[in-house]
1. Confirm whether A:Val640 is touching a residue at least 12 places away in the same chain (Cβ under 8 Å), part of a strand (DSSP E or B), within 11 Å of chain B (Cβ to nearest Cβ) and more than 14 Å from A:Ala733 (Cα to Cα).
2. It is to be established whether one or more residues within the range A:288-297 are away from every other protein chain (no Cβ under 14 Å) and over 22 Å from A:Gln224 (Cα atoms).
3. Return the total of residues in the range A:537-558 being farther than 17 Å from A:Arg580 by Cα and either surrounded by fewer than 19 Cβ atoms within 10 Å (Cβ to Cβ) or touching a strand residue (DSSP E or B) at 6+ places or on another chain (Cβ under 7 Å) (or both).
4. Among the residues of the range A:245-260, how many are within 27 Å of A:Gln295 (Cα to Cα) and either touching a strand residue (DSSP E or B) at 6+ places or on another chain (Cβ under 6 Å) or of a type outside the set (A, V, I, L, M) (or both)?
5. Quick one: in the range A:19-28, which of the residues that are facing another protein chain (nearest Cβ under 7 Å) and part of a loop (DSSP other than H, G, I, E, B) is farthest from A:Pro204 (Cα to Cα)?
6. For the condition on the phi > 0 side of the Ramachandran plot and in contact with a strand residue (DSSP E or B) (Cβ under 9 Å, 6 or more places away or on another chain), what is the one hit in A:Gly444, A:Gly411?
7. For B:Val123, state whether it is more than 30 Å from A:Arg16 (Cα to Cα) and either more than 7 Å from every other protein chain (Cβ to nearest Cβ) or in contact with a helix residue (DSSP H, G or I) (Cβ under 7 Å, 6 or more places away or on another chain) (or both).
8. Looking at the range A:531-547, I want the residues that are within 16 Å of A:Leu496 (Cβ to Cβ) and have a partner that is at pLDDT below 95 with Cβ atoms under 6 Å, at least 6 apart or on another chain. Which pairs are those?
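The values are calculated or read from the model by the stated rules, or taken from the named source; none is laboratory data. Since we're looking at a predicted model, the values are computed, not measured. Glycine gets a Cβ as well: all are built from the backbone with ideal geometry, and neighbour counts include every protein chain shown.
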Amino acid sequence: MNAEAFRATGRVAGKRLPRMDGVGKVVGKHVYAADFTLPGMLYGRILRSKKPHARIVKIDASRAKAIPGVRAVITAADIPAVRYGQAVRDAPVFALDRVLFYGHAIAAVAATTLEIAEQALAAIDVELEELPAVYDPEEALANAVLVHPDWQDLKALPILVRDGNMAACAKIKSGDVDAAFAKAYRVYEHSFKTAIQHPGYTEPRASVADWDANGNVTVWTNTQLPFDTQNTLAEILDLPSARVRVIVPGIGGGFGGKLRIGVEHYAALLARKTARPVRVLSTSEEELTAATPRQSAVVHLKTAVDREGKLLGRQGRIIVDCGAFAGSGPGTAAVSLQVLAGPYRNGSLALEGVAVYTNKVPAGSFRAPAGPMANFAVESQMDIIADDLGIDPLELRLRNIVHEGDLGPSGEVLKAVSIEECLRKAAEAIGWHDRKPAPGRGKGIACSWWMTTGGSSGVYVKINPDGTATLVSGAVELGTGAITGASQVLADALSLDLSDINVAGVDTQTSPFDYGAQGSRTAFSVGNACLAAAADLRQQLFDLAAQQWNIGTEGMELRDKQVIAGNKAITIAELARISRLSGGGLIAHGTAISPPPAYDPGKLENHLLPVWNTPSFHAQAVDLSVDSETGTVSINRYVVAQDVGFAINPTYIEGQIEGGVSQGIGQALSEEIVYQDGRVMNANLTDYKMPTALDVPEITCILVQCASAAGPFGAKGVGEPPCIHPPAAIANAIASATGARLYSLPMTAEKIVKELRTARE
Amino acid sequence: MSRKLLELTINGEKHQLLAEPHWTLLQVLRGQIGMMGTKENCLEAECGVCTVLLDGHAVNSCLLLAGQAEGHEITTIEGLGQPENLDPLQAAFIACGAVQCGYCIPGMILTAKSYLDENPGYVPSRQEIREAIAGTLCRCTGYSKIVDAISQAAQDRLTGNTLTESKETAA
């Protein structure tokens with residue numbers, strides 16, 4: 001399709017239009033998965049381990065099964081021993097011979113009420129014999145305790161390098177780092193640690209499953225990836241995937257925490273066993289002990305510079321703690337390497353990303369997986385270097401950033417590079433000239449880059465006889481506004497208003513494939529597919545008009561909801577009616593795939609995501625105060641300068657930035673799933689502290705628009721980058737305000753005050 | 001377990017139902033009456049998504065026993081504006097881009113309504129608004145646009161402006 005032929009008219013795309021699902025959400029009529037019910041529905045609950053690593057001696061459910069109202073109890077013994085997983089097939093539905101973490105599913109119950117289901121959980125007798133466990137990812141690499149003693153038998157992607165608890169090891173290499181260290185003016189070596197962070201979506205994971213008379217199952221669920229969930233369910237249920245139907249009614253946030261199968265399989269298995277619809281809704285405790293949070297990480301970073309602060313070489317090792325199953329850990333460890341390289345001319349690179357198993361919660365792909373962990377290390381160290389060399393931290397960055405046409409870490413040519421503009425604008429807006437305005441007050445800056453994830457999107461667009469269009473997409477509207485954005489692109493291209501676009505629900509049985517609401521790609525990729533469909537429809541409309549008028553299609557235009565040729569005009573609505581009489585109606589299938597740029601495979605080893613598509617560039621700056629007695633951080637102001645390529649809807653882009661920064665502030669200052677001896681100490685929202693309205697400052701958003709060649713009207717991915725920089729920017733501001741440098745997240749008041757006291761002594 | 005007859009007044013309508021004495025108002029609203037606009041999450045009054053109004057004041061329906069709501073006027077999000085006739089707060093939330101996933105929004109709007117109604121004739125500062133909504137978690141927005149919306153609604157009620165979801169406010 002000739003999608004390039006469309007240019008944004010500024011009429012719909014680029015405008016601050018209200019989101020399409022807003023009214024339903026403010027009046028309480030929008031149906032989320034957690035709201036979905038069916039007549040006769042049973043309530044499912046999961047029995048989870050309270051031991052971090054133990055052998056299962058006995059499971060006796062006879063008492064539970066005898067409780068009136070209990071309709072089924074299932075354990076690993078009742079289902080085929082399927083193991084699933086993206087990179088390594090290591091995850092069973094229920095614990096097999098051993099429980100591998102606190103929160104590991106042991107059994108599932110379905111009952112006529114939730115209360116009876118809870119009674120049944122308490123009546124299942126489980127005997128566990130505790131085993132030695134491993135919690136520290138670096139200790140785990142010694143393989144003294146194996147999380148998966150059968151690791152060699154597990155199916156895994158051939159690209160992965162595995163060894164016992166090591167689930168993957170990716171590398172990026174460029175130039176000669178040893179030579180760089182040998183000739184360096186200074187070499188800096190530091191280690192950083194980050195904590196496990198929950199995605200924090202307000203709607204828990206929820207699924208309702210029901211089987212029909214033909215043995216097909218339908219699951220209504222709040223997944224970000226309906227097609228991936230469909231495939232995983234098909235494997236677990238041993239069905240062809242076409243017999244598994246996944247419908248996403250509505251979803252209350254995801255942030256990467258609802259990518260992979262969550263509770264869908266429990267609902268489907270219980271529904272099959274009971275021949276009744278079954279609903280499973282996660283509790284807060286399950287969310288904080290057994291969802292898929294952001295991995296914790298350890299980063300060792302060694303950097304060589306010359307006298308002027310020019311980077312000569314970087315050696316880095318990041319250890320990503322996957323928990324008990326690999327999940328997205330191998331991908332996260334790999335992607336972290338591009339973040340460690342940063343938007344910098346590094347001279348030479350030797351980076352290694354390791355994913356490792358421990359007896360903790362299996363982690364997932366929380367927004368910009370690896371981004372904040374690696375960025376915290378790189379950008380903290382940039383400030384340490386700047387301080388040591390007596391160079392302004394902004395100036396040090398400007399001396400080292402990449403420019404248009406430079407090669408990226410994979411040897412790819414970087415295009416639409418805007419990092420200098422982002423840095424300068426963020427610095428100016430925060431008032432960088434006055435970096436330490438008062439005692440205990442300071443400013444910090446951090447910058448990064450990030451990809452727009454590839455993967456394909458398909459859409460069907462149908463023109464209705466009233467002249468409106470219906471968009472059928474398999475992409476889930478997570479709340480970001482991405483589907484409103486894609487609809488703005490579609491409306492713009494078809495000369496319609498946004499109110500002329502109807503959006504159909506996501507249903508794997510009827511929706512065209514979409515790679516999913518992940519990786520900052522939805523508006524980008526669905527928008528491109530919409531442009532392709534619009535180009536097809538425009539041609540169909542021209543052909544129909546040409547038939548009506550007995551002329552050729554040359555010089556025809558689609559404008560003001562009409563096809564226009566010279567002094568002739570016919571409305572889209574009229575053509576849609578004509579097509580219904582003669583041609584079965586107007587419909588187009590638009591598709592999009594953004595091919596990765598050319599790169600040098602010689603620079604990479606065992607890397608799952610070897611090169612970044614359509615990277616975006618960004619900088620964030622913060623002005624904060626630290627109470628020297630209590631260590632409490634108060635953020636006065638926050639600035640983000642982010643290159644979005646083209647702002648399809650500035651309002652919701654700002655919303656993405658403000659929300660992402662808020663999550664990053666949480667990661668920086670307060671959020672951590674705290675483990676002690678393998679047990680989660682804060683599995684509730686009282687003790688797991690996410691930012692409230694009082695913890696998030698006013699945020700200034702500067703939208704830089706350096707158009708990409710690949711995105712709709714030049715757009716780049718937006719959603720993930722805002723949460724990458726806050727830990728580093730805040731750490732740098734704390735150091736600027738107090739002189740105290742924090743190397744581990746979250747930077748709680750306790751840690752800060754301890755640093756301040758140590759410095760005073 | 002013995003169910004008792006409860007009479008609840010919800011959005012001006014009387015509802016009679018048999019309920020267990022330990023059922024919360026949230027359980028009754030969602031599980032018995034089927035009004036799903038009031039949301040469910042932490043069940044320990046930390047997240048605020050279950051907020052409803054009791055005689056005009058915001059309460060967490062996850063901790064309030066349904067029986068305790070007898071004799072009081074309960075207002076849920078379904079009792080505020082309707083799509084064709086939105087409450088000014090609902091309109092302001094849309095116009096200001098304060099809605100993303102929307103799961104916290106019913107609770108957020110009712111919290112804001114309670115706060116504004118308790119402080120008539122007054123436009124609160126942004127900091128005061130932040131304090132008023134600090135009991136409701138939103139993970140999507142970073143709160144800025146929610147504060148914008150509440151501030152806008154507070155100003156409009158003094159000046160008599162009415163926001164509707166028109167193209168003027170949208171642009």
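1. Criteria met by A:Val640.
2. The answer is yes, given that some residue of the range A:288-297 is away from every other protein chain (no Cβ under 14 Å) and over 22 Å from A:Gln224 (Cα atoms).
3. 9
4. Counting residues in the range A:245-260 that are within 27 Å of A:Gln295 (Cα to Cα) and either touching a strand residue (DSSP E or B) at 6+ places or on another chain (Cβ under 6 Å) or of a type outside the set (A, V, I, L, M) (or both) gives 10.
5. Ranking the qualifying residues of the range A:19-28, first place goes to A:Arg19.
6. Sole residue among the options that is on the phi > 0 side of the Ramachandran plot and in contact with a strand residue (DSSP E or B) (Cβ under 9 Å, 6 or more places away or on another chain): A:Gly411.
7. It is false that B:Val123 is more than 30 Å from A:Arg16 (Cα to Cα) and either more than 7 Å from every other protein chain (Cβ to nearest Cβ) or in contact with a helix residue (DSSP H, G or I) (Cβ under 7 Å, 6 or more places away or on another chain) (or both).
8. Short answer, once both residue conditions are applied: A:Leu531/A:Ala3; A:Leu531/A:Phe6; A:Ala535/A:Met1; A:Ala535/A:Asn2; A:Ala535/A:Ala3; A:Asp536/A:Met1.
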